[in-house]
Amino acid sequence: MSETEDWRAEIRRRTTAEIRLDEEASRHTSIGVGGRIDAIVFPRNEEELTQTVRFLKEARIPFLPVGNWTNLIVTDRGYRGVLVSLSGLTALDLGEGPAGDVRLTAQAGVSLAELVNISIREALTGIEFCAGIPGSLGGALRMNAGAYGGEIKDIVETVRLLDPAGEIREASRSGLRFTYRSLDLSAETVIIGAVLRLRRSDGTAVSGKVREIIEMRRGKHPLEFPSAGSIFRNPREVPAGKLIDQAGLKGFRIGDAQVSEKHGNFIVNRGKARAEEILSLIALIQRRVFETTGHQLRTEVKIIGE
Ligand SMILES: Cc1cc2nc3c(=O)[nH]c(=O)nc-3n(C[C@H](O)[C@H](O)[C@H](O)COP(=O)(O)OP(=O)(O)OC[C@H]3O[C@@H](n4cnc5c(N)ncnc54)[C@H](O)[C@@H]3O)c2cc1C
């Protein structure tokens, strides 16, 4: 038996979580690319999650948590190790907080779309900016997702974490370091869930704001093609999309990977793009933008794999 076969047999003995072997990442990533992943584990609760992470750490198998795969590019050669999917952790609870605030407790696998829907149904304000962001709560926290003037950090009260040693701890917002599109955690630390702070409001006002945001996004983003959202972080002074336009790259194509004609900071998959084409396009954009504007674009999407 090879080393990989050894640990894949062992992991089945060490966790009751569902395990899928040799999955193609392209079936999962929102941009539709990526090769074979040794194993994806789908814990259904904290216990299965902890069993899994403890085993992976002990056996020294590389692993990463994943949510909805909407900010991820996996290389064509795929990922050697385990992706731990949080999609099965979807518990939710609403409770009263001080001064009329509401505490929304949610596990990492709950989608932002569901949280926004709850806020409409329960007339709660604070999370409208997440409307249209296709990620999970865990991914949104890890990326400090944001749009239209809001960031997830603004509404976080506490985050429940599983550290790489397999220990669970609660971190309050003041003990966490959020920055632009990032939360400072090691790549192997798993966000299990969080408590969000929302305020009571008027249901019509909340749904009106959500509708307005969705409309604006429809007008600006190329939602008709698979993508991974914004490819580059915005430099402080100017949006990355504007620099890409200035470099004359809107619509530029390598194979089936194309700089969106609608929004320069999106790369869309026009058919059967491979990760290699997307990565070549990213490198080309960085080079051309630097040559024409002097700005060094840095990626916002996470690129993983061999
Ligand atoms: C059409 C489109 C529009 C988008 N618009 C926006 C936008 O307006 N604003 C914005 O900020 N983003 C946007 N995004 C990007 C993306 O949706 C967000 O970054 C989202 O928060 C990622 O969540 P996810 O669950 O898909 O994370 P994934 O893509 O699964 O993972 C992203 C990163 O987070 C880590 N991660 C995921 N879950 C966990 C967890 N439970 N614990 C620890 N680490 C974890 C992964 O290891 C990876 O490093 C957009 C994407 C698309 C496709």
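Rule-based calculations on the coordinates, nothing more; no lab input. It should be emphasised that the depicted structure is a prediction, and the values quoted were computed from it without experimental measurement. Methodologically, a virtual Cβ is constructed for each residue, glycine included, from the backbone with ideal geometry; neighbour enumeration extends over all protein chains shown.
Say the cut-off is 25 Å between C-alpha atoms; which of K209/K302; K209/K262; K153/K250; K57/K153 go over it?
Checking Cα-Cα distances, K209/K302; K153/K250; K57/K153 exceed 25 Å.
Report the FRET efficiency, 1/(1 + (r/R0)^6), for T4 and Q296, where r is their Cβ-Cβ distance and R0 is 30 Å, rounded to 0.05.
The calculated FRET efficiency here is 0.20.
What is the extension gain from R236 to E122, computed as 0.36 nm multiplied by their sequence separation minus the C-alpha to C-alpha distance, in nm to one decimal?
Full extension from R236 to E122 adds 37.4 nm.
Using the beta-carbon distance between Y148 and D202 and R0 = 25 Å, what value does 1/(1 + (r/R0)^6) give for FRET efficiency, to the nearest 0.05?
Taking R0 as 25 Å, the efficiency between Y148 and D202 is 0.85.
How high is the relative contact order of the chain, in percent, with contacts defined as C-alpha pairs under 8 Å that are six or more residues apart?
18 percent
Calculate for the chain the 222 nm mean residue ellipticity that helices alone would give, adding -39,500 (n - 2.57) per DSSP H run of length 4 or more and normalising by residue count, nearest 500 deg cm²/dmol.
Per the formula, -8500 deg cm²/dmol.
Ranked by Cβ crowding within 10 angstrom, fewest neighbours first, how are S182, S227 ordered?
Details: S182 13, S227 25.
So the residues, fewest neighbours to most, are S182, S227.
What ranking, highest mean first, results for peptides 90-103, 153-166, 136-149 when packing means the other Cβ atoms within 10 Å averaged over each residue?
Ranking the peptides 90-103, 153-166, 136-149 by packing returns 136-149, 153-166, 90-103.
Kindly put R44, R20 in sequence by how many other C-beta atoms sit within 10 Å of each C-beta, fewest to most. Provide the component values of the computation, followed by the final result.
Numbers: R44 15, R20 12.
Fewest-to-most Cβ neighbours within 10 Å comes out as R20, R44.
Determine, for each peptide in 49-60, 68-79, 233-244, the mean count of other beta carbons within 10 angstrom over its residues, then list the peptides with the highest first.
With the highest mean Cβ count within 10 Å placed first, the list reads 68-79, 49-60, 233-244.
Sum up the charges of everything whose Cβ sits under 13 Å from the Cβ of G264, counting Lys and Arg as +1 and Asp and Glu as -1, but leave G264 out.
+3
How would you rank 213-221, 81-89, highest first, on the average number of other Cβ atoms within 10 Å across their residues?
Descending mean neighbour count gives 81-89, 213-221.
Between the stretch 68-96 and the stretch 211-228, what is the C-alpha centre distance in whole Å?
22 Å
Specify whether the C-alpha gyration tensor of the stretch 1-100 places it in the rounded, prolate or oblate class, a ≥ b ≥ c being the square roots of the eigenvalues: rounded for a/c under 1.5, otherwise prolate if a/b is larger than b/c and oblate if not.
It comes out oblate by the Cα gyration axes.
What spacing in nm lies between the two simple spin-label points modelled at A59 and R270, each 7 Å away from Cα in the Cβ direction?
If labels sit at A59 and R270, their model points lie 4.3 nm apart.
Could you size up the charge dipole of the stretch 92-218 around its Cα centre, putting +1 on the beta carbon of Lys and Arg and -1 on that of Asp and Glu, and report it in debye to the nearest 20?
260 debye
Determine the gain in length on full extension of the stretch R173-E47; use 0.36 nm per residue of separation and subtract their C-alpha separation, reporting nm with one decimal.
Gain on stretching R173 to E47: 42.9 nm.
Rounded if a/c is under 1.5, else prolate if a/b is larger than b/c, else oblate: which is the stretch 222-304, with a ≥ b ≥ c the root eigenvalues of its Cα gyration tensor?
Note, shape of the stretch 222-304 comes out prolate.
Once a ≥ b ≥ c are taken as the square roots of the eigenvalues of the Cα gyration tensor of the chain, is the result rounded (a/c under 1.5), prolate (a/b larger than b/c) or oblate (a/b not larger than b/c)?
On the way: a/c = 1.88, a/b = 1.04, b/c = 1.81.
Oblate is the answer for the chain, as a/c is 1.5 or above yet b/c matches or exceeds a/b.
Applying 1/(1 + (r/R0)^6) with R0 = 30 Å to the Cβ-Cβ distance of A283 and L223, what FRET efficiency is obtained, to the nearest 0.05?
0.70
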